[in-house]
Amino acid sequence: MSKITSSSTAEYFAKNLQQVGFSSPSKAVLTTLKEAVDNSLDACEESGILPEILIDIQKTGAGASRNTDLVSIIVEDNGPGLDPEDLPKVFGEYLASSKFGRGRASRGQQGIGISAATTWAQLTNASGVRVTSKTKNMRKAVSAIIDVDIKQNRGILKKKETIDWDKPHGTRVEFRIDGRIVLNGDGGLLTYLEGTTLVNPHLSITYKLMDQEARAIPRVSNEVPEIPAATLPHPHTMKLGEFMTHAGLFGKITLSNFLIKGFSRVNEATLKELVKKGVAKGLLTKNLSAISEVEYKKVYQALHEIELVAPSTRSVLTVGEEALSKSVQRLGETDFFSVVTRKPTICDFKPVVVEVAIARFTHLTSEANDAPIQLLRFANRVPLQFDKGACAITKAVESVNWRSYGLNQPKDSVPTGPFVYAISVTSPFIKFKNASKETIDGGEDLVEEIRRALMQAGQKLSRHIKAEGKAADLERKISHMEKFGPILVQYLAKILGAPKARTERAEVGLKKLLGRDASSAEAELEQATSKLQQLKDKQRAKFGGDDGVTPVHQDEVDAAGTPSEAAVEEHEELAARDLKAAALKKGTKKKADPAPDARAKK
Amino acid sequence: MAKIRIRDSKIDITKEAKILCESILSDLEKAKRPVLEAVKCSLDNSFYNSKVGFLTAGDKVVKTELNVSSVQKMTRTIFMLEILLEKLVGAATHTKREYYYIVKGMIKKNPELKALDFDDQPESDAIIDFICDMLEVYREEMNCFANDRGGQTYSKNLVVTETMSDGSTAVVDLSSLGTTPFQPKNKPQQFKLKPKKGKIDFCLVIESEGTANTLVANGMHIRHNCIILGAQGVPSNGVRGWCKTIQDQLKIPMYFYGDLDAYTLQNIFRTLKAGSAASLIRNADFSAPDVRFLGVLPEDVKKLDLNYYDVNDRDVAEARSLKKAKDALENDPFFQDKKNKKLADILHWLVREKKRCEQQAVFSVDPKDPLILEKVIIDKIKRGSYV
């Protein structure tokens with residue numbers, strides 16, 4: 001019989017790095033960047049610091065592995081910095097996290113990602129990560145290389161030195177790994193950076209990717225997101241084994257104390273209910289250490305039979321419509337967008353908030369309309385870039401009938417068109433399909449919640465598309481008169497052999513008819529422009545955004561998740577007028593001189 | 001070149017066209033929106049009188065006022081009218097497809113006309129039809145023809161005399177053609193028909209041109225003093241005009257033999273007998289009201305034990321055909337007229353039973369007898385088994 005041996009967590013992950021996002025050279029570069037940026041953002045937010053992140057990614061030579069490059073990834077932040085003694089734990093030890101199981105909607109959760117990046121660097125380039133860090137209490141920064149001791153699952157500090165650093169505090173990490181740089185597409189670095197920028201309006205970011213020019217994107221919000229307090233788990237979200245393990249954390253207290261202190265939504269009334277359900281009073285006063293497995297199971301079952309109040313939604317964090325509106329505009333000029341922030345809700349007994357931004361960027365408009373929309377998925381404000389098909393967000397997008405909103409949509413697919421859909425799901429308990437957190441494994445409740453948010457945004461989009469259609473139609477019709485009128489007169493005269501005088505009179509008559517159509521259209525235009533200006537002024541005062549910003553606000557949305565009539569009307573009317581105005585301007589630009597009486601009327 | 005007349009019409013097309021154009025130009029001079037009027041060619045403006053025998057137009061008209069929506073159609077109409085009139089004056093004859101390409105060529109050459117360009121031929125065909133409806137003239141009277149299919153005709157006793165465009169005459173003795181068909185084109189109404197000898201007994205119009213060819217290949221037109229004509233589905237203007245000419249000039253019984261299904265009865269037979277709602281202004285010269293429905297009749301299915309099958313509701317075309325049949329029973333004046341009650345009864349039977357029987361089913365009655373269809377047809381005519 002072969003000998004049974006045990007392995008350290010680090011050994012397991014070192015052999016299974018593909019499970020945490022290092023399955024290919026291109027994914028390795030992205031995952032490393034992502035883990036470093038996530039850590040920076042989480043650290044800044046924890047300390048109430050507005051994050052400023054510098055990123056530099058370069059190809060520095062050939063990689064040790066076949067078909068790879070040696071890639072240098074540098075991420076520097078203005079976060080609180082780390083104490084020197086914490087550096088090996090953070091960068092070299094698996095499952096060493098300040099966030100594990102805390103029930104907070106932070107980006108990182110388990111303490112795997114950055115250690116995996118260090119392992120990848122070590123495995124492919126024989127050297128871990130170089131970290132420079134300085135806290136506000138340090139005069140000089142500490143710089144060191146950190147390796148993972150794979151056998152022992154602990155970090156090893158190497159080449160430690162103190163250096164001068166002009167930053168008051170912050171952390172800089174430098175990985176040199178085998179990888180391949182992919183900039184665009186679903187798994188591209190630019191896609192990640194744009195996504196991160198979108199859902200982090202408070203982030204100032206400067207990045208330089210290879211020989212491209214450095215791009216600096218300033219923040220559009222000066223408010224550090226208030227990280228909601230951690231929440232206790234809800235009993236209905238746990239399996240029996242988890243329930244018992246959770247009890248193990250509480251030491252020598254009574255069962256009733258454990259239930260009240262260890263869970264949310266459990267109180268004295270719940271204990272009385274438990275008694276009614278057959279749990280002996282004596283059991284409730286028993287010490288946890290004296291409770292048998294059978295008794296735990298009985299209590300667990302009774303708890304599940306009781307109707308408990310749904311968990312609090314205070315633990316979720318939203319980007320917010322205003323910030324999202326501004327952030328969308330950082331990514332490029334839009335000619336339409338709508339944002340929807342749903343109220344926090346409970347899906348599968350977990351607090352969740354869904355936010356959706358649908359935008360049409362002018363730089364995308366000229367591209368093929370047959371291409372699928374660009375779908376940006378976010379979980380706890382982290383872009384999800386792989387395995388799109390299996391994600392709850394993608395399922396929700398596919399389940400909506402976008403054709404009814406005026407978009408083309410192949411059967412059972414995402415719609416097509418020059419749109420960007422950004423969908424963010426925030427929850428302290430997001431269920432991912434794998435450790436690399438690439439896809440959300442959502443139940444029906446979550447898919448339905450995302451679907452509702454999409455439909456709200458879709459309603460807005462639909463009005464815009466319809467209004468565009470009307471404007472185009474109007475433009476087409478006005479240009480019709482200009483194109484066809486002269487030919488009509490010319491051929492009538494030809495058939496009749498009419499003298500020039502008659503032709504001229506008919507042309508004047510035709511211009512008058514044209515003038516009538518144009519003047520009525522111009523009157524509409526004037527009225528529309530004036531009302532549109534009013535709305536723009538109103539929006540500018542509220543959001544400080546550019547023209548065309550048309551967010552749908554939660555306070556305009558009724559309980560069923562549908563925007564209120566008044567809100568819908570207002571948005572629809574103004575969007576339509578905006579487009580109509582543009583069409584008329586375009587349509588009348590080429591028009592012949594108005595007839596004399598039409599001018600007189602003006 | 002000589003103008004060939006289809007009917008004794010008093011309409012002077014050029015004059016009518018000029019009156020119309022004068023009215024439009026005059027309105028434009030006054031800065032008044034001109035309005036074009038055309039007969040409304042639709043079922044809700046169709047009337048059927050059994051004494052007349054074909055669908056006629058009611059008083060409804062379609063008005064097209066010049067505005068941003070209609071200016072394209074109105075300009076295309078006048079542009080096309082000018083071309084048609086020019087050709088008409090020179091007695092030139094063209095097909096609809098030729099006109100499409102003539103217009104295309106003019107537009108391509110002259111960028112100022114670019115806005116008039118047609119995407120495809122149906123667009124230019126619709127403009128030509130609109131002009132004819134407006135002037136209440138036949139397209140053929142405008143010397144504009146379709147690439148008509150159908151109408152392959154066989155007889156051992158028919159002689160056709162045709163006046164050619166140069167005034168000369170051509171005489172065609174169909175008995176000399178063997179199994180090669182005589183296929184009339186353009187204006188069959190101007191043919192002069194006469195039997196070679198005595199009187200022709202009947203004319204048989206077969207829905208399928210292939211089946212007509214089979215009957216001829218087996219010598220039916222040799223054994224019987226008849227005319228056999230293949231309609232090839234929904235009869236074209238050429239076939240309709242040809243049948244009308246045979247009916248009027250030879251005054252012989254005319255029978256139609258085709259499938260037993262709603263589409264055949266409603267779209268093919270009704271069009272042949274009474275014209276269509278889309279051609280209200282020309283049904284008078286493009287329908288043969290005396291034609292009788294020889295089969296396949298529901299009673300034949302039973303009597304001859306013909307193979308039949310269920311209409312497939314899931315088949316879009318068949319389902320649509322059944323729905324149209326229901327609509328026809330409710331709204332089509334032809335099927336509502338008591339003279340056509342027996343035809344309406346067949347349509348009711350088809351809608352109710354959801355069955356259909358192909359015209360070729362008779363071949364299976366006696367697979368060893370190649371003349372079985374001929375025998376059945378002759379027997380039915382003798383017994384008066386037709387509607």
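Brief remarks on what is shown
- Every condition in (1) small (Gly, Ala, Ser); (2) over 20 Å from B:GLU207 (Cβ atoms); (3) touching a helix residue (DSSP H, G or I) at 6+ places or on another chain (Cβ under 9 Å) holds for B:ALA344 except the one numbered (2).
- Verdict on A:ILE150 being in contact with an Asp or Glu (Cβ under 7 Å, 6 or more places away or on another chain), in contact (Cβ under 8 Å) with a residue 24 or more places away in the chain and surrounded by fewer than 18 Cβ atoms within 10 Å (Cβ to Cβ): no
- Residues located in region A:34-89, provided they are within 21 Å of A:SER24 (Cα to Cα) and either small (Gly, Ala, Ser) or not assigned by TED's automatic domain parsing to the domain that holds A:GLY170 (or both): A:ALA36, A:GLY61, A:ALA62, A:GLY63, A:ALA64, A:SER65, A:SER72
- Counting only helices (runs of 4 or more DSSP H) that sit completely within region A:230-315, those holding 3 or more residues that are acidic (Asp, Glu) correspond to A:293-305.
- Of B:ALA277, B:ALA344, B:ALA262, B:ALA325, all but one fail to be without any contact (Cβ under 8 Å) to a residue 24 or more places away in the chain and small (Gly, Ala, Ser); the exception is B:ALA344.
- All told, B:LEU116 falls short of being away from chain A (no Cβ under 14 Å) and either crowded, with 21+ Cβ neighbours inside 10 Å or of a type in the set (Asp, Glu) (or both).
- Here A:PHE13 passes the criteria (1) modelled with pLDDT of 70 or more; (2) assigned to a helix (DSSP H, G or I); (3) among the aromatic types (Phe, Trp, Tyr) except the one numbered (1).
- Of B:ILE131, B:ILE107, B:ILE83, B:ILE127, all but one fail to be modelled with pLDDT of 90 or more, within 30 Å of B:ASP248 (Cα to Cα) and hydrophobic (A, V, I, L, M, F, W, C); the exception is B:ILE131.
- Residues of region B:313-340 satisfying the condition of being loosely packed, with under 12 Cβ neighbours inside 10 Å and under 16 Å from B:GLY53 (Cα atoms): B:LYS338
- Residue that is surrounded by the most Cβ atoms within 10 Å (Cβ to Cβ) [pool: residues in region B:13-42 that are more than 10 Å from chain A (Cβ to nearest Cβ) and closer than 16 Å to B:VAL68 by Cα]: B:LEU36
- Some residue of region A:368-383 being closer than 30 Å to A:ARG265 by Cα and at pLDDT 90 or above: no
- When region A:204-246 is filtered for residues that are within 18 Å of A:THR191 (Cα to Cα) and β-branched (Val, Ile, Thr), the ones remaining, listed by number, are A:ILE205, A:THR206, A:ILE217.
- Only one of B:VAL301, B:VAL351 that is part of a helix (DSSP H, G or I), farther than 28 Å from B:SER46 by Cα and touching a residue at least 40 places away in the same chain (Cβ under 8 Å): B:VAL301
- Looking only at region B:67-76, residues that are under 27 Å from the mean Cα position of the chain (by Cα) and surrounded by 24 or more Cβ atoms within 10 Å (Cβ to Cβ) come to 1 in all.
- Region A:283-327, residues that are surrounded by 15 or more Cβ atoms within 10 Å (Cβ to Cβ) and charged (D, E, K, R): A:LYS286, A:GLU295, A:LYS298, A:GLU321, A:GLU322, A:LYS326
- Any hit, region A:403-414, residues being surrounded by 24 or more Cβ atoms within 10 Å (Cβ to Cβ), in contact with a strand residue (DSSP E or B) (Cβ under 8 Å, 6 or more places away or on another chain) and of a type outside the set (Phe, Trp, Tyr): no
- Unique residue being among the charged types (D, E, K, R) and under 25 Å from B:ALA38 (Cα atoms) when the list is B:ARG282, B:ARG223, B:ARG314: B:ARG282
The values are calculated or read from the model by the stated rules, or taken from the named source; none is laboratory data. No experiment lies behind these values; they were computed from the predicted model shown. Cβ sites come from the backbone with ideal geometry, for glycine too, and all protein chains shown count toward neighbours.
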